[in-house]
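Presented below is the structure to which this report refers.
The values are calculated or read from the model by the stated rules, or taken from the named source; none is laboratory data. Owing to the predicted nature of the structure, the values given are computational and were not obtained by experimental measurement. For neighbour counting, all protein chains shown are included, and Cβ atoms are generated from backbone atoms with ideal geometry for every residue, glycine included.
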2 protein chains.
Amino acid sequence: MSLTESSAIDIAKAASWASRHLATLSEADRNDALTALHDALLLKKDAILEANARDIQLAEQAVAHGSLNHSVLKRLDLSRPGKYDDMLQGILGVKSLRDPIGNVTLRTLLDDGLTLDKVACPIGVLLIIFEARPEVIANIAALSIKSGNAAILKGGKESTESFVAIANVISEAISTTRVPQSSVQLVKTRAAVSDLLAQDLLIDLVIPRGSNDLVRYVKEHTKIPVLGHADGLCSAYIHSDADLEIATKVIVDSKTDYPAACNSLETLLIHQDALERVLPDVAKALVAKGVVLRCDASSKAALMESLTFDEAKKLQDAQESDFETEFLDLTLAVKTISSSDAPLADVEAAITHINLHSSKHTDIVVTKSETVANLFMKGVDSAGVFWNASSRFADGMRYGFGTEVGISTNKIHSRGPVGLDGLTIYKYLIRGSGHRASDYFDGDGGKRYKHQNLEIS
Amino acid sequence: MSLTESSAIDIAKAASWASRHLATLSEADRNDALTALHDALLLKKDAILEANARDIQLAEQAVAHGSLNHSVLKRLDLSRPGKYDDMLQGILGVKSLRDPIGNVTLRTLLDDGLTLDKVACPIGVLLIIFEARPEVIANIAALSIKSGNAAILKGGKESTESFVAIANVISEAISTTRVPQSSVQLVKTRAAVSDLLAQDLLIDLVIPRGSNDLVRYVKEHTKIPVLGHADGLCSAYIHSDADLEIATKVIVDSKTDYPAACNSLETLLIHQDALERVLPDVAKALVAKGVVLRCDASSKAALMESLTFDEAKKLQDAQESDFETEFLDLTLAVKTISSSDAPLADVEAAITHINLHSSKHTDIVVTKSETVANLFMKGVDSAGVFWNASSRFADGMRYGFGTEVGISTNKIHSRGPVGLDGLTIYKYLIRGSGHRASDYFDGDGGKRYKHQNLEIS
């Protein structure tokens, strides 16, 4: 791991070379590096916590001067109970995941002695940019090595001392294994990132993890494919037939479990016929948790009838812009979906609103009808579409992926929570014994392809 | 299908709306549209051939004036024996392919009553730009509809009359089915393409099919992901132990079967220890087919010893730039790989040359050794890596995909020949009954995830 700032092209070239070597290593070789990484971080815990303490000290001063948010300070602190152990455990967790590389997903007999395999392989070189939390570097280094990719990492400036300390340890640990040392490289300055974003011939994928602004900046400034999401504008649609208890549980959890998360609810679409039967109880439960409701005229009118005077203080009038806002706070925009005579036209209206306003992250429907649910799940163009379940389930750990490098709202490659498999691509291998394509043609003397699916053992 | 030039944003919006509706249709609905498309093109054959004749007439004049290549004229002609029928048959071929949509590839029981499905779905809106051959429009329209994607098409200017005629027929045929008419739209001007390339919020993927210049232009001018390949610089490495007959068959086929194709051979790497035993026969066979060999010093010296005077006329001295040139013609660059004492260092040298010079399309190795072949297949970072088989097998029909929309050298999403599956992505669906994420935590009273893989029926 380079700790002095080499030029971007040298860093990218070293990563590219390392990625090619990594691609030829066995799972055992890659796992050995993870063990070494874990053991070294355990051994050097004191030195790393000392470095972290220096970051904390600077951050405390910044908080005192009002130039840093207190939540950033909290995320910085590696000495909080359990945090360092979780980081170590996370490395072993990644190590224990199924090898994402070498999997054959298609095997075809093209002709006698001529087989085609589609085999999972690493993407190559990843540039991963993230903010604050210093333990993320260990997790990302582990994910990259496990998936056979070289990684260039840039952390947030508040955690520079911690990063450098951890990076030193990772670098030293890797150097004792068959994984090339330049498989994990650290860059420290924003300028270095700008230069790296121009290396589209050497870097295969950029993963920005952090604020919407960071993601947008990266997308605007590179030709390299970007995996991630800027906004998380999640919506829920409560259909006319929704179960009251299910609606209340799902909406309250989606909105209040962790309002600052990208998979939290921002917009509630309520069917006109559920305004009196369902909305009041849902609203009361939300208001009890401190949620402010920005309502359109119909939903506000229904709630003014049913909420107490105190509860009604939490009602505000929605502006059109509220339905395009990721509040990341205890605020929820509420819009009424008109009932209709044409069958399912109401559901279509909800789908259309979501496709026009949501950020293709996660959207949910509350209904008793399987027909309504299936139409919603097919029609909503988002990475996650849930029926009668909280939007907060959109998460790699909760999906059972073991871990994630982030959540993607892309329409190609990887969508939703991205685990190890999202860091792979495939290649096609053909094995023959002198086979010529020119021998295969229609007509006299021409060979024919067999195209027979083979069992993958 | 819009035949007047609407504004790019209107076209993209119409396509986006159509794509959402397409995503909710059944396979039967999509197949019905393909049947209608086939029947209409059969019925309107005379009118379409008349339009095609007008394109041919203009093209003949252009050829006579020297402003158009004769091969373009030949590709334009839909009246050549079997060509129109092949186009019709192609539509039925696409219709008969397995539905790429709705496939569940992962099903996990998250907890009692809470399931997660990973389901294949359409990408959304495709912008497909291609040159000359007018029958391609029918094939691409069929692929798009079958995969549930809306398509905006731009054909080559030489085939405008044919395109408009075919597009009219497609448009009319679709309007009788449940597939929205704006699922397939045609644009005619290059200016319209420029405007469409700016619609990155509405268009999900661009597929340029045509010259390297076209692909490079598209990549330089859009933020939309681009699927395809600019260059096809394929290499072969003949190892020291290569079988002479296999080497000759594979290299001659790779180079001479269709030199203008992207999967043809451009660079031959020959192991030093095979210079005398293998290279002469391979070279003689190539020269007999009219191939010019641009050799480095070692390979030229070996061939000057063994070729006849007439054969040796086909030898030229290689420049460094020849190893980065896609000749698309009967020219082959030849480079010697030095033998080495360190085991496999020679193979590593061949891999390194290919990774630095090839275009990540298709590369091949000729060897008797499985160890050498496996190292080569893991180490070469290309969409196709073949052992003892011709590079010309890199093709969707030959792979058994039924058809292809092109060959991708991308490192993400789709790589190699792209069939129907390459035009899909997936979404995650969760079905619950009021499940809250906040109920799941370590400690007293917390629920635990089951994360149990379920059979996919």
Of those in region A:413-424 that are facing chain B (nearest Cβ under 7 Å) and crowded, with 23+ Cβ neighbours inside 10 Å, the residue nearest to residue B:373 (Cα to Cα) is A:415
(1) in contact with a Cys (Cβ under 8 Å, 6 or more places away or on another chain); (2) modelled with pLDDT under 95 all hold for residue A:80 apart from (1)
Scanning region A:199-234 residue by residue, those in a helix (DSSP H, G or I) and charged (D, E, K, R) turn out to be A:213, A:216, A:219, A:220
Of those in region A:312-334 that are of a type in the set (A, V, I, L, M, F, W, C) and surrounded by fewer than 20 Cβ atoms within 10 Å (Cβ to Cβ), the residue farthest from residue A:292 (Cα to Cα) is A:328
Selection from region B:103-141 of residues modelled with pLDDT under 95 and not in a strand (DSSP E or B) yields B:103, B:131, B:132, B:133, B:134, B:135, B:136, B:137, B:138, B:139, B:140, B:141
Looking across region A:372-419 at residues that are under 19 Å from residue A:226 (Cβ atoms) and not in a loop (DSSP other than H, G, I, E, B), the single one that is farthest from the chain's Cα centre (by Cα) is A:396
When you check residue A:211 against the structure, is it away from chain B (no Cβ under 11 Å), within 17 Å of the chain's Cα centre (by Cα) and surrounded by fewer than 24 Cβ atoms within 10 Å (Cβ to Cβ), yes or no? yes
Restricted to region A:19-50 and to residues being assigned to a helix (DSSP H, G or I) and small (Gly, Ala, Ser), the residue nearest to residue A:203 (Cα to Cα) is A:19
The strands (runs of 3 or more DSSP E) lying entirely within region A:235-338 that contain at least 1 residues which are acidic (Asp, Glu) and in contact (Cβ under 8 Å) with a residue 24 or more places away in the chain are A:265-271
Condition set assigned to a strand (DSSP E or B) and surrounded by fewer than 23 Cβ atoms within 10 Å (Cβ to Cβ), scope region A:430-440, selection farthest from the other protein chains (Cβ to nearest Cβ): answer is A:440
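Here are some residues: A:376, A:401. Which one is in contact (Cβ under 8 Å) with a residue 60 or more places away in the chain and either buried (at least 23 other Cβ atoms within 10 Å of the Cβ) or more than 8 Å from chain B (Cβ to nearest Cβ) (or both)?
Every option except A:376 fails the conditions.
Conditions tested, residue by residue: (1) touching an Asp or Glu at 6+ places or on another chain (Cβ under 9 Å); (2) within 10 Å of chain A (Cβ to nearest Cβ); (3) touching a residue at least 40 places away in the same chain (Cβ under 8 Å).
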site: B:361; (1), (2), (3): yes, no, yes
site: B:388; (1), (2), (3): yes, yes, yes
site: B:446; (1), (2), (3): yes, no, no
site: B:450; (1), (2), (3): yes, yes, yes
Among the residues of region B:15-60, the number that are more than 20 Å from residue B:90 (Cβ to Cβ) and within 14 Å of chain A (Cβ to nearest Cβ) is 13
Considering residues that are more than 10 Å from chain A (Cβ to nearest Cβ), of a type in the set (Asp, Glu) and under 23 Å from the mean Cα position of the chain (by Cα), the number found within region B:214-253 is 1
Cβ pairs under 7 Å, 6+ apart or interchain, first in region B:404-416 and touching a residue at least 24 places away in the same chain (Cβ under 8 Å) and basic (Lys, Arg), second part of a loop (DSSP other than H, G, I, E, B) and buried (at least 21 other Cβ atoms within 10 Å of the Cβ), ordered by first then second residue, are B:411/A:123; B:411/A:124; B:411/A:204; B:415/B:383
Taking the conditions exactly as written (away from chain B (no Cβ under 14 Å), in contact (Cβ under 8 Å) with a residue 60 or more places away in the chain, in contact with a helix residue (DSSP H, G or I) (Cβ under 6 Å, 6 or more places away or on another chain) and not aliphatic (A, V, I, L, M)), does residue A:146 satisfy them or not? yes
_Take the conditions under 30 Å from residue A:125 (Cα atoms) and more than 7 Å from chain B (Cβ to nearest Cβ) and apply them to residue A:371. Does it pass?_
no
Of the listed residues (A:381, A:421), the one being under 28 Å from residue B:387 (Cβ atoms) and among the acidic types (Asp, Glu) is A:421
Taking first residues from region A:39-53 that are outside the structural domain of residue A:91 (by TED's automatic domain parsing) and second residues anywhere that are surrounded by 17 or more Cβ atoms within 10 Å (Cβ to Cβ) and of a type in the set (A, V, I, L, M), the pairs with Cβ under 6 Å that are 6 or more apart or on different chains are none
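Looking for something part of a helix (DSSP H, G or I) and either basic (Lys, Arg) or at pLDDT 90 or above (or both) - is there at least one such residue anywhere in region B:145-156?
Yes, that holds for at least one residue.
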